[in-house]
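**Q** After the structure tokens below, expect a handful of questions from me.
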Amino acid sequence: MSGPYEMAEDRRQIVLPGEKLCVLEEFLSGKGTSTSADGTVFATVVGKAKFDRKKREVQVEAIKEPDSISIGDIVLGEVKELQSRSAVIKIIGKNGKLLKHQRSAILLAKPGIKDYLGQHVSVGDVIIAKVTSIVSGLINVSIWEQGLGVIQAMCDGCGSTMVYTKKDKYNVYCPKCGKLDTRKILTNYGNVKMLSEWLGLTA
Ligand SMILES: [Zn+2]
């Protein structure tokens, strides 16, 4: 195993931040690297080290973390816990693809409106949300824009999948127990094709 300060002779392809790559006399510091006061060139990102002998420069090409979540990502999630003004969401996919490692996120109630989040989502619902902020690894998502919201609601009475309806103030209906409820639904609520595409069930 190479330690973080392994000598230049043992040049691994994949390097970690802080890993010594060479000394300035050998190669200059390029993208993804930095130089310490004693002239040691080290990696600043996880990635592939590339030693360009012509330019006499070393670069580290950053490896993208496949499951990383970024601000602006559109994510598919399931509502796991619900409180009056916040909910815990398990993110299962992003930008139309399933994640290998599921992540937790927080959905906050619509700002400026004093109602219960439970009027818009319920535990077991599948939602399409947007990542609005990531602070110290804590992911916040929102469903308040158009095109976001519940794509499949779960009846909190019997656990069945609810269907779209338009009755008084209600917009979802449980065909099994007859319960009417409200959700912040997507315009194409219950779109099975869209949901199965997210879940990778179609080619
Ligand atoms: Zn029901």
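Read-outs: derived from the displayed coordinates by stated rules, not from any lab. Note that the structure is predicted; figures quoted are calculated from it, not measured. Here the Cβ positions follow ideal geometry from the backbone for every residue, glycine too, while neighbour counts run over all protein chains shown.
**Q** Could you list, in sequence order, the residues of the stretch 163-187 that are surrounded by 14 or more Cβ atoms within 10 Å (Cβ to Cβ) and within 26 Å of the chain's Cα centre (by Cα)?
**A** ARG183, LYS184, ILE185, LEU186
**Q** If you don't mind, another one. Would you pick out the residues in the stretch 24-53 that are in a strand (DSSP E or B), farther than 17 Å from ILE14 by Cβ and not hydrophobic (A, V, I, L, M, F, W, C)?
**A** Narrowing the stretch 24-53 to residues in a strand (DSSP E or B): 28-29, 33-35, 40-43, 47-52.
If we keep only those that are farther than 17 Å from ILE14 by Cβ too, we end up with 28-29, 34-35, 40, 52.
Scanning the stretch 24-53 gives SER29, SER34, THR35, THR40, ASP52.
**Q** Condition check: more than 13 Å from the ligand (Cβ to nearest atom), touching a strand residue (DSSP E or B) at 6+ places or on another chain (Cβ under 8 Å) and not in a loop (DSSP other than H, G, I, E, B). Does SER133 satisfy that?
**A** Details: more than 13 Å from the ligand (Cβ to nearest atom): yes; touching a strand residue (DSSP E or B) at 6+ places or on another chain (Cβ under 8 Å): yes; not in a loop (DSSP other than H, G, I, E, B): yes.
It is true that SER133 is more than 13 Å from the ligand (Cβ to nearest atom), touching a strand residue (DSSP E or B) at 6+ places or on another chain (Cβ under 8 Å) and not in a loop (DSSP other than H, G, I, E, B).
**Q** May I pose another question? Condition check: of a type in the set (A, V, I, L, M), part of a strand (DSSP E or B), more than 16 Å from the ligand (Cβ to nearest atom) and touching a residue at least 60 places away in the same chain (Cβ under 8 Å). Does LEU98 satisfy that? First the steps, then the outcome.
**A** Details: of a type in the set (A, V, I, L, M): yes; part of a strand (DSSP E or B): yes; more than 16 Å from the ligand (Cβ to nearest atom): yes; touching a residue at least 60 places away in the same chain (Cβ under 8 Å): yes.
So LEU98 fits the description; yes.
**Q** In addition: Limited to the stretch 159-197, what total is found for residues that are among the acidic types (Asp, Glu), more than 13 Å from the ligand (Cβ to nearest atom) and closer than 17 Å to HIS120 by Cβ?
**A** To start, the set of residues in the stretch 159-197 that are among the acidic types (Asp, Glu) comprises 168, 181, 197.
Next, from what is left, pick out any that are more than 13 Å from the ligand (Cβ to nearest atom): 168, 197.
Adding the requirement that they be closer than 17 Å to HIS120 by Cβ leaves 168.
Qualifying residue count for the region: 1.
**Q** Then there is this: Of these, SER122, SER136, SER160, which one is touching a Pro at 6+ places or on another chain (Cβ under 9 Å) and among the polar types (S, T, N, Q)?
**A** From the options SER122, SER136, SER160, the qualifying one is SER160.
**Q** Would you be able to say whether some residue in the stretch 141-158 is away from the ligand (no atom under 13 Å from the Cβ) and at positive phi?
**A** At the first step, the residues of the stretch 141-158 found to be away from the ligand (no atom under 13 Å from the Cβ) are 141-152.
When the remaining residues are screened for being at positive phi, the result is 147, 149.
Yes, the conditions are met somewhere in the stretch 141-158.
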